[in-house]
Every structure is written in C-alpha cells, then in structure tokens.
Amino acid sequence: MTLRPVRAPLPTPVGEGAAEPRRRHPVRLPLTVSLLVLVGALILGIVVGPVHVGVGEIVGTLLHHVPLVRRHTGTPPVDQAIIWQVRAPRVVLAALVGAMLAGGGASYQGVLRNSLADPYLLGVAAGAGLGATIAIIAGGGNSLALPGAAFAGAVVAVTLTYVVSVAGGGQGSGYAIILAGVAVAAMLTAFQTYLQQRHTEEIRQIYMWILGSLSTSSWSDVRLVLPYIAVSLGVLLAHRRILDVLRVGGDEAGALGIHPERTRLIIVGAATLGTAAAVSVSGLIGFVGIIVPHAVRLAAGASYRVVLPVAMVAGAAFLVLADVVARTVQAPTEVPIGVVTALVGAPFFLIVLRSRRSRHGVL
C-alpha cells in the first residue's frame, strides 16, 4: 500500500476567513455613534438659548426655510429670526469648524507621524493672528476684510514654512516641516505682538478674536467657508487609506507605488486650506485637533480609515457642545469658546502625555 503525504492546510491570512465578516465594516459602528451624538448636539445647540422658543416653533421655522418644503409656520417673526438668523448659522458654522479642525489634526498626525501634532503646528495660527491683527488695526474688523486677512495670513505662513523646510535641506520631511513651523510661528507672533503694542486701543478686539468666538456667526460666514472646508475634507477622506501607509514610513509607501513627498504635500495643503478658512471666521480655537483624534483612537482603533471620518463627525459634535457651554455658562454674557476647549483640552493633553510616559517606562 502506497502512503500519500498529507498536505497541511495553508494558514488563513489575517483578516480573511471567519474573521472577515467581523472586520468588513470597522467604521460603521463608531461612525453611527458619532453621527447620533452630532444630531443630538445640533438639536441642543438650536434649542438652548437665553430666549425660550418652543420645540414646535423651532421645527416649524426650520421646515419653513428648508428648500422644496417651505411649510407655513405660525411662529412669530421675532422667534423665527432668533432660530434661523442667530442660532442655526451658529450651530452649522460650529459643526463645520469642528469637523475641519479635528480632521486636519488627524491628517497632520498621520503625515508627520507625530500623535501630538495639531492643525496650528505649521504656523496657521500665527499667520491668521497676524492677518487678523492687521485687518483690525486698519479698521476692517467688522467686515469681510477680517476673515479674508486671517485666511491670507494663514496660507502665507504655511507656504513660508514649507519653503523654509525645503531650503534647509529637509526636502519637506516631517521633522523639517515641524521645526520650520515653530520658527515661522515665533517670527509672526513677534510681529503681531509688536503691532499690538503700537496700537493698544485695538487690543481688546484682537484678543477677543484670538480666543475664538462664534457670537457673530451668520449664513454669509457659512457660505464663505463652506467651499474650502468641503473640498479640504473631501481630499483628506480620499487619502485616508494612504495615511495608514504613510504611518508606517516613507520607504514602505514608496515600495507600494506611493510618492510620499507629493502625497504629504497634497494632504498638508488640503488640511491647511480648510484650517485657514475655519479660523478666518471663528478665531483660534485650540485643542480640537488633538483631543478629538486621540479620543477616537482610544475608542475605535488607530486605522485612519476609521479615525479620519469619525474624528470629523466627532469634532463637529464637540465644538457645537462647547459653543453651547460658552454661551450658557455665564449667561447673558459669553465665554470665549477657545477658553472652553482649552479647559477640556489641557487636562486631556496631560493625560495623553502621562499615558505615553507610562508605556515607555518614563516616570
């Protein structure tokens, strides 16, 4: 009798076979949860305010202004103006800015391979602050000149950062960009401080913008930034799988046919464009780009296929809720929204640093 060799079954690759159905849609559950939180935040942002408006009147007013619906409402004109002209654009703008800051922060962290990077790392904040300061001093603080100047300042700052990093021999690498961003931000902040000292009568208005506020939000602000933010978020989402490859390293990305430097430039450019547009209408709102991506990673894993879309939705919800706190905690006056996010973000930042030190055995 002839014995035939028995072939051992081939090992099943990770992610295939029985485990595949469980990992086929890893983004579905966290994205659904974050969308539900966002819907609740939007409702809360429209309902809560110093003037009480009934839920029925709110729903009627919103349906009255929805295109193709135009449902008649018996809500008084004053209440309609409060809902549609004051609260609704403020809530929508907060969601747009929060989504952009969180998505930009997650993208920067992936491109630069630095989990503590944020959207302001490359000089966006310093450039926007200098541009806004110049506009306020020139008398354009109450017009479209302010967001336009802040946007231009942010774009110029990041462009200068990239030029300096390449000129320094870094070829636009992550560490070179970070160092160049620190240097450019310090220089532009020095110019801004000099202008503030020369024009002390405008310091209050300048600091109100720097601390961040959505109190003057309008539908014109939404229309102004929506195209930039929509394009930026779309580009970042299209590169979410590539971010997972870049997270491993540039050599590995090149071996898979990806041009790492060109891809980094596209992602950084998109994140910068959207962040510049966001801060031009909201001021400098810190910590959103750090705490939201980290919270998403802790809850849903480190893959950017999950982190990026969930962080955008969670960032929108977070900033809407932060704005609700900012306008109610000290009513009838408002606390700058940047103060609220800093009070939440600073302790979270310290917890992240503590956990990183504990994992590496550093006391």
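The values are calculated or read from the model by the stated rules, or taken from the named source; none is laboratory data. Nothing here was measured: the structure is a model prediction, and the numbers come from that model. Glycine gets a Cβ as well: all are built from the backbone with ideal geometry, and neighbour counts include every protein chain shown. Protein only, heavy atoms only, side chains kept; ligands, DNA and RNA dropped before computing areas. Shrake-Rupley method; radii C 1.70, N 1.55, O 1.52, S 1.80 Å.
The table below lists the values:
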{"read-out": "Net length gained if the chain between R70 and L350 were fully extended (0.36 nm per residue, minus Cα distance)", "value": "95.9 nm"}
{"read-out": "Exposure of E201 as accessible area (Å², to 10), given a probe of 1.4 Å and all protein chains", "value": "130"}
{"read-out": "Rounded to 10°, Cα long-axis angle of helix 55-65 versus longest principal axis of the chain", "value": "90"}
{"read-out": "Relative packing of 44-50, 291-297, which averages over residues the other C-beta atoms within 10 Å, highest first", "value": "291-297, 44-50"}
{"read-out": "Largest-first ordering by accessible area, 1.4 Å probe, given options R71, R247", "value": "R71, R247"}
{"read-out": "Listed residues S115, S232, S107, most fluctuating in the chain (Gaussian network, C-alpha, under 10 Å)", "value": "S115"}
{"read-out": "Net length gained if the chain between H199 and L298 were fully extended (0.36 nm per residue, minus Cα distance)", "value": "31.1 nm"}
{"read-out": "Per-residue ³J(HN,Hα) for segment 92-101, Karplus 6.51 cos²θ - 1.76 cosθ + 1.60, θ = phi - 60°, Hz, x for Gly and Pro", "value": "5, 5, 4, 5, 5, 5, x, 5, 5, 5"}
{"read-out": "Accessible surface of segment 93-157 [probe 1.4 Å, protein heavy atoms]: carbon and sulfur percent", "value": "67"}
{"read-out": "Geometric extent, Cα atoms of segment 265-324 - Rg, Dmax (angstrom)", "value": "12.2, 36"}
{"read-out": "Helix axis angle, 260-282 relative to the chain longest principal axis, alpha carbon, degrees", "value": "20"}
{"read-out": "Two-decimal log10 I(q)/I(0) for the chain, as the Debye equation yields it once each C-alpha is a single scatterer, q = 0.13, 0.14 Å⁻¹", "value": "-1.06, -1.20"}
{"read-out": "Net length gained if the chain between E334 and A238 were fully extended (0.36 nm per residue, minus Cα distance)", "value": "30.8 nm"}
{"read-out": "Zone of R28's modelled label, taken as backbone nitrogen in segment 288-310 under 11 Å from a point 7 Å along Cα→Cβ", "value": "none"}
{"read-out": "Nearest 10 degrees, 0 to 90: helix 304-328 Cα axis against the chain principal axis", "value": "20"}
{"read-out": "Percent of alpha-carbon pairs separated by more than 20 Å within segment 275-363", "value": "44"}
{"read-out": "Residues of segment 270-310 with amide N under 16 Å of the 7 Å Cα→Cβ point at I258", "value": "270-271, 302-309"}
{"read-out": "Nearest-0.05 FRET efficiency for A167 and V48, computed from C-beta distance (R0 41 Å)", "value": "0.25"}
{"read-out": "Å² per residue, accessible surface of the chain at 1.4 Å", "value": "52"}
